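Participant: Before I ask anything, let me first share the structure, which is written out below as structure tokens.
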Amino acid sequence: MKFGFGNRKKQEAAFQTAVSDSYNENLFSYFGTGTAAHICERRLYQSLRENVPIIDAALCKIIRLVGSFRIQCGSSVLQNELNDFLKNVKVNSCETGIDSFLSGYLEQLLTYGTAVGEVVLNGNGSDISGLYIASLDDVEMKIGKNPFDLKIYAVSQIGEKIPVQYPELILCSAYMPEPDSVYGTSILRGLPMVSDVLMKIIRAVGTNWDRVGNVRFAVSYKPGDNERSFSKERAQQIASEWSKAMKSREPKDFVTVGDVSIKVIGADNQIPDSEVPVKQLLEQIVSKLSIPPFLLGLSWSTTERMSSQQADILTSELEYYRRILESEIKKICCIYMKLKGIREDFAIVWDHINLQDEVELARANLLNAQAEKMRMEMSEE
């Protein structure tokens, strides 16, 4: 089974229609449970990552911090075979390795709340040819006859929904799905409104600097009583000379006669201080993504203990994402072993997440060891 490319033109048209119809209303009121609504929501989250760098940076750091893993099992031969397969398996068209697959899969899961992949077999179905991360625009999921029956359809180029022939080869994950919904919730939910205000402030700062920083002048000419007959010609002459003086690459004097005043446009105005509101908005984004500010280059005044607590919170978040990915890793390994006719238990061992200072960790371990030694000595007495 291969996922098609879907009817992208219709999907883009649906998104543009939603935006135009909701221009004077709240765009989010359009989002519901329909397919078009999911398409619009995905486009919105994609636009967030493109326009707000801190959101994109936070997601990329989460994906990298999840880390890698290895397979452990009783047979060293099978263990090496599984690890070698996961290291060299082909992913989509130009990547290799399970790490590449998990990075793209987790990125899709966090951004859109749902991730769909496929274990692709070779022509005779005797081995795994590669792993494929499907676009959510090419897939539609529904609840079947009972809440535990998940129906997956591939959307063809003409919009036809084709049931997946081998659903046991499909990898599907949902991040915190709502009740009676097969689709998950994006980690970016709640950020569009905050990001919209943030972008307004940034655009306003740019506009203000363009007006105030790139100085504009207002040249006023007040003709005298004996100059009114040729005031138009004099004004045109002043404007021409002023334009030449401003366009000159080297300093040039502007000489005129009469009652002429020159003022800088916007000189009396001050650019509003945006530090406080921008920080408040960034705090909302950082709290939603559970990323410590120092990992994003934000030099906010925090104590050392607070930074340590933030790192511990991020560690728990990363472990939660690992638990989501573990089920898909196990499914891939089980499919591989079934095709080889092997049946053996195995375990997934993740790399240690270390966001703390190694010296502080070593000191803490030393203190724990000393405390344990003292307890043993006291118990022996």
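Bear in mind these aren't lab numbers, they're just calculated from the coordinates by the rules spelled out. If you're wondering where the values come from, they're calculated on a predicted model, not measured in any experiment. Using ideal geometry, Cβ is built from the backbone for each residue, glycine included, and neighbour counts are taken over all protein chains shown.
Participant: Which lysines have a Cα less than 30 Å from the Cα of Lys142, not counting those fewer than 8 places away in the same chain?
Facilitator: The reachable lysines, counting only those whose Cα sits under 30 Å from Lys142, are Lys2, Lys9, Lys10, Lys90, Lys151, Lys161, Lys288, Lys330, Lys331, Lys338.
Participant: Taking the Cα-to-Cβ direction at Ser327 and at Arg375 and moving 7 Å from each Cα, how far apart do the two end points lie in nm?
Facilitator: Calculated label separation equals 3.6 nm.
Participant: To the nearest Å, what is the center-to-center distance of region 36-111 and region 112-141, using C-alpha atoms only?
Facilitator: The distance from the Cα centre of region 36-111 to that of region 112-141 comes to 14 Å.
Participant: Find out how many positive minus negative residues lie around Ser100, taking Lys and Arg as positive, Asp and Glu as negative, among other residues whose Cβ is under 13 Å from that of Ser100.
Facilitator: Local net charge: 0.
Participant: Okay, next question. Taking R0 as 30 Å, what FRET efficiency do you get between Asn208 and Asp56 from their Cβ-Cβ distance, rounded to the nearest 0.05?
Facilitator: Approximately 0.70, to the nearest 0.05.
Participant: Using Cα pairs under 8 angstrom and six or more residues apart, how large is the relative contact order of region 216-265, in percent?
Facilitator: Numbers: 38 pairs, mean separation 33.3, N = 50.
That works out to 67 percent.
Participant: Using packing as a proxy for protection, rank 253-260, 329-336 so that the peptide with the highest average count of other Cβ atoms within 10 Å comes first.
Facilitator: Order by mean packing, descending: 329-336, 253-260.
Participant: So if we plug the beta-carbon distance of Ser231 and Met199 into 1/(1 + (r/R0)^6) with R0 = 56 Å, what FRET efficiency do we get, rounded to 0.05?
Facilitator: Given R0 = 56 Å and the Cβ-Cβ separation, E is 0.75.
Participant: Could you work out how much longer the chain between Lys340 and Ser290 gets when fully extended? Use 0.36 nm per residue separation minus the Cα distance between them, nm to one decimal.
Facilitator: 13.9 nm
Participant: How charged is the neighbourhood of Tyr320? Take every other residue with its Cβ under 14 Å from the Cβ of Tyr320, and add Lys/Arg as +1 and Asp/Glu as -1.
Facilitator: It works out to a net charge of -2.
Participant: Then there is this: Of the peptides 143-153, 85-95, how do they stack up when ordered by the mean number of other Cβ atoms within 10 Å, highest first?
Facilitator: Details: 143-153: 11.5, 85-95: 15.3.
Peptide ranking by packing, descending: 85-95, 143-153.
Participant: Applying the Karplus parametrisation 6.51 cos²θ - 1.76 cosθ + 1.60 with θ = phi - 60° to the phi angles of region 232-244, what ³J(HN,Hα) value in whole Hz is obtained for each residue in order, glycine and proline being reported as x?
Facilitator: Computed from phi, the couplings for region 232-244 are 5, 5, 5, 5, 5, 5, 4, 4, 5, 5, 5, 5, 5 Hz.
Participant: Count charges around Leu289 for me, please; just the other residues with Cβ under 15 Å from its Cβ, Lys/Arg as +1, Asp/Glu as -1.
Facilitator: +1
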